[in-house]
Structure formats: C-alpha cells, structure tokens
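See below for the structure under consideration.
Throughout, read-outs are computed from the coordinates displayed, never taken from laboratory work. In this text, all values refer to a predicted model and were calculated from it rather than measured experimentally. Please note: Cβ atoms are built from the backbone with ideal geometry, for glycine as well, and neighbour counts cover all protein chains shown.
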Amino acid sequence: MRAGRGAPGLVIAHVASRSEAAINDGVLHCPSCQHEYPIIDGIPVISPDLARLLSERGVELLVREDLDPLLESLLGDAIGPDSWFDMMRQFQSTYGWDGYADLDPEEAAVGDGPAPGAARRCLARLLALAGETSPVRLLLDLGCAAGRTSFDLATAFPEASVLGVDVHLGLLRLAQRARDGLVSYPRRRIGLVYDRRRFPVALDGAERVDFWACDALALPVADGQIDICVALNLLDCVPNPRALLESLQRSLRLGGRMLLATPYDWSTRATPIESWLGGHSQRAPHGGAGEAFLHALVGGETGHAIAGLGLVGEQAEWPWQTRLHQRSAVSYRTHLIALERR
C-alpha cells in the first residue's frame with residue numbers, strides 16, 4: 001500500500017513494516033464501525049466479510065514463491081487436483097501468462113496456443129470507444145487479476161493514479177511483485193505439470209499503481225471520486241451485476257467513464273440465476289439476450305434503468321482468447337460498452 005493512500009474513513013492504525021514509498025504490513029482501522037483490516041505484503045484486504053474472504057483465500061498470501069521447482073511439483077501432486085493449491089496455480093498461470101508472457105524471454109521458444117495480451121487488447125479498444133475525457137486523476141481497474149491492465153492505464157494516463165482491485169489474493173501478489181520489478185508465476189503445461197516462470201520487468205508508471213483486495217460490491221471509494229473505472233469480464237462473475245453497475249456509477253464523477261466487457265458467461269457458482277442479465281427467459285421478445293438486459297439497465301427508460309448513465313460507445317463482439325494449458329484455450333466474444341455518468 002502506497003504510503004499516505006487510504007480508503008475514505010479508514011486510518012492507518014499500525015505499521016509493522018514499511019519501505020520508503022509503501023506500507024508493507026500493518027492494520028487499517030475504521031473509527032465509525034470499529035472494524036480492522038490487514039495490510040499484508042503491501043496489499044490492503046478490505047471486505048465487509050473479512051472473515052469469509054480470509055478463510056477462503058487468505059492462505060494465498062502465505063504461499064512461498066521461492067521453492068525449488070521439483071519440490072513445488074511434489075507439493076502439487078500431493079495436495080492434488082481441484083485443491084486450493086491447484087486452483088490458485090491455474091488462475092496464476094492463465095492470468096499471469098496473458099498479462100506478462102510477451103515480456104518473458106523463454107516464451108518465444110514455446111509458440112503454442114493463442115497470443116498473450118487479450119485483456120490488454122480489449123482495454124485498448126474500450127479506451128478508443130470511450131473517447132476523450134478530462135481531467136483524469138484516478139482510475140479504478142476492477143477485477144485487475146495479475147495487474148497488467150492497471151499498468152497499461154498508468155501508461156495511457158501519465159498524470160493519474162491507478163487502483164487495481166481484485167479478491168484473488170494470489171493474483172494480487174503476482175501483480176504486486178510485477179510492480180516491484182519481478183514477474184513470477186507457475187505456467188501450466190498440462191494437468192498438474194507446471195513450469196515456474198520468473199523474469200525481471202520494468203513497467204511504465206508502476207510507481208502510480210496500487211493493488212487492493214476489495215469486494216467489488218462494497219468498494220472503499222468515496223462517491224464521485226473516480227474518473228475512469230474499468231471492469232473487464234467481471235459483470236458475470238459477481239453475485240449481483242446490477243449492484244455492481246450501481247456501485248461503479250456512484251464512484252464516478254460527473255462526466256466520468258465506465259468501461260465494461262462481458263461475454264455473459266453465466267454460472268450459478270458466481271451469480272444466482274435471478275440476477276443474470278440474459279441467459280434465460282428466451283420466450284420474451286429479446287430471446288434471453290444479455291445485450292438487451294444490459295441496455296435496459298444502463299440506457300433504458302423503464303423503472304429498472306439505473307439513472308445517470310449514458311452510452312458513449314459500444315461494440316457487439318470483440319475476440320478474447322487466452323491460454324489454459326498447452327492443449328487448451330478459452331475463446332470468448334465479449335460485448336464492449338463504454339458509459340458516461342451524466
């Protein structure tokens with residue numbers, strides 16, 4: 001956590017360790033509700049249900065990254081498939097590869113599967129759809145994963161600060177290490193077989209990027225403070241997509257931009273069916289299309305519409321393909337939409 005930067009209403013109650021520019025470990029305190037939130041390895045963990053988040057994902061903050069590759073392989077085999085360890089490595093592999101494989105000197109020799117950078121290409125297209133907006137002082141990259149898009153935002157807006165937010169603590173650790181100059185992640189070959197990739201990086205604007213672990217539906221951001229908020233492939237990964245849109249709308253200043261990408265890849269593991277935007281009710285005139293549901297929410301004139309949002313730009317389909325392992329990739333046709341708070 002960058003020194004001097006805190007969420008609205010929170011104060012730094014304890015500093016256990018720090019560097020010149022950042023607090024590495026400590027405690028944040030909310031005077032109004034008396035809740036406390038840890039800062040671990042520079043990552044503030046701020047959630048209305050802190051106990052649940054830490055019970056589900058806290059171990060990711062404690063996993064060592066300096067293990068001998070053969071020992072790491074042995075642990076992976078012993079803990080087994082579908083375990084927390086296996087799922088963490090799969091996420092780090094997929095998002096670490098897409099974010100940073102273009103900077104990996106070993107990657108050119110592999111040459112299998114799709115090209116890395118799907119999230120970055122999607123972001124670039126959304127920024128083009130959004131058009132010019134000023135001033136831009138603070139950007140929110142919600143669902144930032146391994147953080148490469150956060151660094152791209154810092155490059156695109158050299159006077160602005162960027163806050164990358166996610167709940168996947170293992171991915172945030174990867175992003176944090178990259179910000180400090182080292183990318184380290186397990187690249188999946190097949191099954192439980194991984195190759196540890198570790199290489200130095202120098203990312204433009206890294207000194208203006210911070211990463212926090214926060215609930216997307218309870219952002220610790222004051223209303224009207226964000227100039228641009230980005231949410232790539234997140235809308236179908238939260239329990240309540242409408243609540244997410246409302247939260248982002250409140251966080252934006254007047255004239256601020258909201259940039260969304262979604263393939264409407266619904267699953268009840270993430271979102272109850274009653275909260276899906278499309279994917280059901282095919283008997284209606286819209287045939288269950290997610291685009292119709294989203295348009296009704298962000299630009300419609302019905303009582304369901306979210307007031308104060310206007311359409312700036314849109315693209316019905318944008319290709320998004322990323323690697324799972326050497327014999328598998330996932331391919332989406334994402335819906336891109338750029339909105340303005342009015």
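Using per-residue counts of other Cβ atoms within 10 Å, averaged over each peptide, order 329-337, 27-35, 171-179 from highest down.
171-179, 329-337, 27-35
Rounded, prolate or oblate: which fits region 120-222, taking a ≥ b ≥ c as square roots of the Cα gyration tensor eigenvalues, rounded meaning a/c under 1.5, else prolate when a/b beats b/c?
Since a/c reaches 1.5 and a/b is larger than b/c, the shape of region 120-222 is classed as prolate.
So, in Å, what gap is there between the alpha-carbon centers of region 92-155 and region 54-81?
26
Considering the dipole of the chain built from charges on the beta carbon (Lys and Arg +1, Asp and Glu -1) around the Cα centre, which of H14, L61, L309 is farthest to its positive end?
Farthest along the dipole direction, towards plus: L309.
Compute the signed sum of charges (Lys and Arg +1, Asp and Glu -1) over the other residues within less than 9 Å, Cβ to Cβ, of L192.
Numbers: positive: R89, R188; negative: D77, D86.
With Lys, Arg at +1 and Asp, Glu at -1, the net is 0.
Arrange S83, S19 by Cβ neighbour counts within 10 Å, fewest through most, would you?
S19, S83
Would you please put 36-49, 133-146, 276-289 in order of how densely packed they are, using the mean number of other Cβ atoms within 10 angstrom per residue and starting with the highest?
So the peptides 36-49, 133-146, 276-289, ranked by packing, come out 133-146, 36-49, 276-289.
Excluding C122 itself, calculate the net charge of residues whose Cβ lies under 12 Å from the Cβ of C122, where each Lys or Arg counts +1 and each Asp or Glu counts -1.
Within the 12 Å Cβ shell, the charges total +2.
Neighbouring Cβ atoms within 10 Å as the yardstick, rank F199, F211, F91, F157 fewest first. Spell out each step's value before the answer.
Working: F199 13, F211 29, F91 18, F157 22.
In order of increasing Cβ crowding within 10 Å: F199, F91, F157, F211.
Provide the percentage of antiparallel DSSP beta bridges, counting only those with both residues in the chain; round to the nearest 5.
Of those bridges, close to 65 percent are antiparallel.
Just to confirm the filter: which GluC sites (Glu not before Pro) across region 283-342 are DSSP coil and have at most 10 other Cβ within 10 angstrom of their Cβ?
In loop regions of region 283-342 (DSSP not H, G, I, E or B), the sparsely surrounded GluC sites (Glu not before Pro) are E301.
What number, in percent, do you get for the relative contact order of the chain if the mean sequence gap of Cα pairs under 8 Å and at least 6 apart is divided by its residue count? Could you put the intermediate results ahead of the total?
On the way: 702 pairs, mean separation 55.7, N = 342.
Relative contact order for the chain comes out at 16 percent.
Applying a 10 Å radius around every beta-carbon, put 64-77, 218-231 in order of their mean neighbour count, most first. Walk me through the intermediate numbers first.
Details: 64-77: 12.5, 218-231: 20.1.
Order by mean packing, descending: 218-231, 64-77.
Work out the length of the dipole vector of the chain about its Cα centre, built from +1 on the beta-carbon of each Lys and Arg and -1 on the beta-carbon of each Asp and Glu, and round it to the nearest 20 debye.
Using Cβ point charges on Lys, Arg, Asp and Glu, the chain gives about 320 debye.
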